[in-house]
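The values are calculated or read from the model by the stated rules, or taken from the named source; none is laboratory data. Being a predicted model, the structure only gives us computed values, none of them experimental. Note that we place each Cβ from the backbone using ideal geometry, even for glycine, and neighbour counts take in every protein chain shown. Accessible surface areas use protein heavy atoms only, side chains included; no ligands, DNA or RNA. Shrake-Rupley method; radii C 1.70, N 1.55, O 1.52, S 1.80 Å.
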Amino acid sequence: MRLSPGLRRSAWLYQWLHSQPWEKMLRMPAPVPEQIYPDVAAFGSLAAALHALAERDGLDLDGLTTEQAGWINVGARVARADRIASVVMASEVRAFSSQLWSKGVCLSGGATGNLGVTAGLLAFWCGGAMLAEVRERYPFMNVGELALAHERGTAVEVKWRLLLDSAPDLVRPAVQAAAGQPVLRGLFPFLSLNTLRFSRCTGYPYSADVPHIEPTYGNRFRVVTPGGTLVAEGVNAREAAAVVASTLPPGFRSAVAGTARDLA
């Protein structure tokens, strides 16, 4: 089976880290694969190579830094205002894998073997480009329905619809019941190990102040607070959703664009 660039990159870094003495693992940077990336190796790191390209081509990569720990030579990121563009190098084939973030949400991802194109992509995104413009100029970047909804400010509505269409059978009754509670319908829903969770923000890290619903057996559920306190046990889906809704104080805010830090 042919692995994707992302999986090859992860496997390569894992194998490289675990071939080093344990005490050095956290402070030894992964080397640049010189045979695959001679243009990057010439500068010593991906960030340095991107900086040189930016100066040569007149690209605005203000805020360019290296990634942390073991990625320091093979990863780079540009952070500006509420936007982040990150890139890491694959190991066995030439591929620069990029992700575009805003307000705690990864909105687009893709890979190309062209370093100059990658530099242009980072500058384009952090310069304020819209997702449709990114998709048109860089067709290798994936842009999904939910990403476009985040950009439009309709992420909560679209996320509920997608979840109602695709939730596993084990938790589907809870999703349907929660969608019928207006106060819960205003929160951002997501699944984690078949547990239905809710957030007052649409980006990660999510808020951790709303109880969640866990399936148990025989279409029964339990409601648990983020701190692990059991609120209800052995209830049906409709009862579980009503319990969660009842724990929310009057005037509880609907989900807002951003992360938990933006709610403080």
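For this structure, a couple of remarks:
- Residue match in the stretch 80-92 (condition: open to solvent by 30 Å² or more (accessible area, probe 1.4 Å), on the phi < 0 side of the Ramachandran plot and in a loop (DSSP other than H, G, I, E, B)): yes
- Restricting the stretch 36-62 to residues that are assigned to a loop (DSSP other than H, G, I, E, B), of a type in the set (Gly, Ala, Ser) and over 22 Å from Gly128 (Cβ atoms), the residue that is most open to solvent (accessible area, probe 1.4 Å) is Ala42.
- Residue within the stretch 219-228 that is among the aromatic types (Phe, Trp, Tyr), open to solvent by less than 50 Å² (accessible area, probe 1.4 Å), modelled with pLDDT under 95 and under 30 Å from the mean Cα position of the chain (by Cα) present: no
- Scanning the stretch 99-110 for residues that are of a type in the set (Gly, Ala, Ser) and part of a helix (DSSP H, G or I) turns up nothing.
- Condition broken by Leu107, with the remaining ones in (1) more than 18 Å from Leu59 (Cβ to Cβ); (2) among the aliphatic types (A, V, I, L, M); (3) more than 16 Å from the chain's Cα centre (by Cα) satisfied: (3)
- Where helices (runs of 4 or more DSSP H) fall wholly inside the stretch 113-206, the ranges with 3 or more residues that are under 26 Å from Arg83 (Cβ atoms) are 115-126, 131-137, 145-152, 155-166.
- Boolean, Gly234 is loosely packed, with under 15 Cβ neighbours inside 10 Å, at pLDDT 95 or above and under 28 Å from Glu151 (Cα atoms): no
- Test: residue in the stretch 254-264 that is of a type in the set (Lys, Arg), at pLDDT below 95 and open to solvent by 40 Å² or more (accessible area, probe 1.4 Å): yes
- In the stretch 134-163, the residues that are more than 14 Å from Ala257 (Cβ to Cβ) reach residues that are of a type in the set (Lys, Arg) with C-beta atoms within less than 7 angstrom, at least six apart or across chains, in these pairs: Met141/Arg135; Val143/Arg135; Trp160/Arg185.
- Residue among Ala155, Ala90, Ala119, Ala123 that is touching a Ser or Thr at 6+ places or on another chain (Cβ under 9 Å) and farther than 29 Å from Gly186 by Cα: Ala90
- Neighbours by Cβ (under 7 Å, 6+ apart or cross-chain): first from the stretch 95-114, more than 25 Å from Ala260 (Cα to Cα); second aliphatic (A, V, I, L, M) and open to solvent by 20 Å² or more (accessible area, probe 1.4 Å): Ala95/Ala111; Phe96/Ala111; Ser97/Val88; Ser97/Ala111
- Test: residue in the stretch 167-174 that is over 30 Å from Ser108 (Cβ atoms), acidic (Asp, Glu) and either open to solvent by less than 40 Å² (accessible area, probe 1.4 Å) or out of contact with any helix residue (DSSP H, G or I) (no Cβ under 9 Å at 6 or more places or on another chain) (or both): yes
- Tyr217 meets the stated requirement of being over 30 Å from Leu100 (Cβ atoms), in a loop (DSSP other than H, G, I, E, B) and among the hydroxyl-bearing types (Ser, Thr, Tyr).
- Taking the stretch 115-133 as the range and being open to solvent by less than 20 Å² (accessible area, probe 1.4 Å) and without any contact (Cβ under 8 Å) to a residue 12 or more places away in the chain as the test, only Ala129 passes.
- Residue in the stretch 235-248 that is under 30 Å from Leu100 (Cα atoms), touching a Lys or Arg at 6+ places or on another chain (Cβ under 8 Å), touching a residue at least 12 places away in the same chain (Cβ under 8 Å) and in a strand (DSSP E or B) present: no
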